[in-house]
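A.B. asks: Encoded as structure tokens, here's the structure I'll be asking about.
Readers should treat all values here as calculations from the given coordinates under stated rules, not as data from a laboratory. What you are looking at is a predicted structure, and each value in this text was computed from that prediction instead of being measured. A quick note on method: Cβ atoms are made from the backbone with ideal geometry, for glycine too, and the neighbour counts reach across all protein chains shown.
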């Protein structure tokens, strides 16, 4: 499974999770089948790009997005295109993947609706 996590820095599994999905500078893509992590810089609409971060995730062929929280528009776009969304990410990539393994992330969280 290809998992996407928005992050603030390029420090591998120690990269800090971005708390603002819409303005994240980087995405960490983790492939749990081969245990590989790739971090890529993104240029979403907030930073002069043409696509929203959600559209970038859809185009990446990710199966799952794990984030702190996000708006309902992005959630709907991702789910419409077959990307599952879990919320409650915190700490680092490694800590967030551990939360996933322990079943501590949530699917039905209240969208942030611009409350940041």
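A.B. asks: For 52, 24, 80, which order do you get if you count the other beta carbons within 10 Å of each Cβ and list the fewest first?
C.D. replies: Numbers: 52 17, 24 23, 80 10.
Going from least to most buried by this count: 80, 52, 24.
A.B. asks: Can you work out D for the chain in µm² s⁻¹ from Stokes-Einstein, where Rh is the Kirkwood radius over C-alpha pairs, the temperature is 25 °C and the viscosity is 0.890 mPa s? Write out the running numbers ahead of the final one.
C.D. replies: Numbers: Rh = 13.8 Å.
My calculation gives 178 µm²/s for D.
A.B. asks: Sort 60, 15 so that the residue with the fewest other Cβ atoms within 10 Å of its own Cβ comes first and the one with the most comes last.
C.D. replies: Numbers: 60 16, 15 21.
With the fewest neighbours first, 60, 15 line up as 60, 15.
A.B. asks: Let me ask something else about it. If one computes P(r) from the Cα atoms of region 1-45, what percent of pairs lie at distances over 17 Å? Each step should come with its number before you reach the end.
C.D. replies: Values: 253 of 990 pairs.
Tail of P(r) above 17 Å: 26 percent of Cα pairs.
A.B. asks: On to the next question. Arranged by the count of other C-beta atoms within 10 angstrom, fewest first, what order do 29, 21 take?
C.D. replies: Ordered from fewest to most neighbouring Cβ atoms within 10 Å, 29, 21 come out as 29, 21.
A.B. asks: Give, in nm to one decimal, the length gained when the segment between residue 36 and residue 51 is fully stretched (0.36 nm per residue of separation minus the Cα-Cα distance).
C.D. replies: Working: separation 15, 0.36 × 15 = 5.40 nm, distance 2.56 nm.
Extending this stretch completely gives an extra 2.8 nm.
A.B. asks: OK, next. Modelled label-to-label distance, residue 84 and residue 26, 7 Å Cα→beta-carbon offset: nm?
C.D. replies: Output for this residue pair reads 2.6 nm.
A.B. asks: What FRET efficiency would be calculated for the residue pair residue 72, residue 11, taking the C-beta separation as r and a Förster radius of 30 Å, to the nearest 0.05?
C.D. replies: Working: r = 31 Å, r/R0 = 1.02.
For residue 72 and residue 11, the calculated efficiency is 0.45.
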